[in-house]
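A quick write-up on the structure given underneath.
Readers should treat all values here as calculations from the given coordinates under stated rules, not as data from a laboratory. Because the structure is a prediction, the values reported are computed rather than measured. Using ideal geometry, Cβ is built from the backbone for each residue, glycine included, and neighbour counts are taken over all protein chains shown.
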Amino acid sequence: MSSLIKTAQLTSLALRDFLFPAECCLCGIALLDASSRMSPCCLLCQEEFPKPIEHACCKCGAEVGAYVDTSSGCHYCKTDSFSFRSAIAYGTYTAELKQLCQICKNPASQDVAWLLGEKFWQARGDELGQLQIDCLTTVPMHWTNRLIRRIHPNEVLAKCLAKQLKVPCLQRCLIQRLRTERQSSLSPSLRRKNVRDVYRVRPTQKLQGKTVLLVDDILTTGATANACSRLLLAAGCAAVYVAVVARGVGS
């Protein structure tokens, strides 16, 4: 009897895949063969997926030359003072990675956000594993934006990394109290002003002595990550590291 049930289940799954084939989460093409269905994106999109940074600044995560000493920062961050210890980025903020970050904001695109988390781990897992992270949290989203988008891609990314690190993911540990202008539309000095007194840590969070990995999609000037890191340290964290999908430079 059990063999008949198993055969029926396999037959129904095969029929489902035939009638309603899975689609690539990036280009929408049907994933018809078993090898393609192992990933949420097709083989072509996997081949064309944005490449990770090969050599990064150990302070801000920006891509640098192979033999550049970044112990005191690089030419992008050497004059900056951050509250977080270092930032780790998957890739540089190119047009392709920008498109992926935009896709992740669609409520139906959680697979893309999870895929980015997997790619991040494949590229940066060794570095993250050396940090002795106790828990992860994310740069928060204002409740009105959460209501509109119905998804916070940073949380999906953080859950993926937390699963690999085998540590808790503290959802909504930080709160965005006020709506702000989009950081990308502002100058560096205005970005810092834009996030001043905007966030707070939930008083119920127990962070004393914790090493926290703060997750966001993009880091450019570091103003947002810095503001959140400062609050986490004030709440008792021992150290804060930042993980971002993309490192924006030049603006």
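So here's what we get for this one:
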| item | result |
| --- | --- |
| The range 36-92: GluC sites (Glu not before Pro) in DSSP loop, at most 14 other beta carbons within 10 Å | E48, E54 |
| The chain: C-alpha pair distances exceeding 29 Å, % | 34 percent |
| Tilt relative to the chain, helix 223-234 - C-alpha long axis, 0 to 90 degrees, to 10 | 80 degrees |
| Counting DSSP beta bridges with both ends in the chain, the antiparallel % (nearest 5) | 20 percent |
| Inter-label distance, nm, simple model (7 Å from Cα along the C-beta direction), R150/E47 | 3.5 nm |
| Cα-based Lys pair tally, the range 52-247, threshold under 18 Å, eight or more apart or on separate chains | 10 |
| Residue-averaged 222 nm ellipticity for the chain, from DSSP H runs of 4+ at -39500 (n - 2.57), nearest 500 | -11000 deg cm²/dmol |
| Relative contact order of the chain, pairs being alpha-carbon contacts under 8 Å that are 6 or more residues apart, as % | 20 percent |
| Gained length - H55 relative to Q122, 0.36 nm times residue gap less alpha-carbon distance | 22.6 nm |
| Charge-dipole axis of the chain as Lys and Arg at +1 and Asp and Glu at -1 on Cβ define it, positive-most pick from L116, A239, Y90 | A239 |
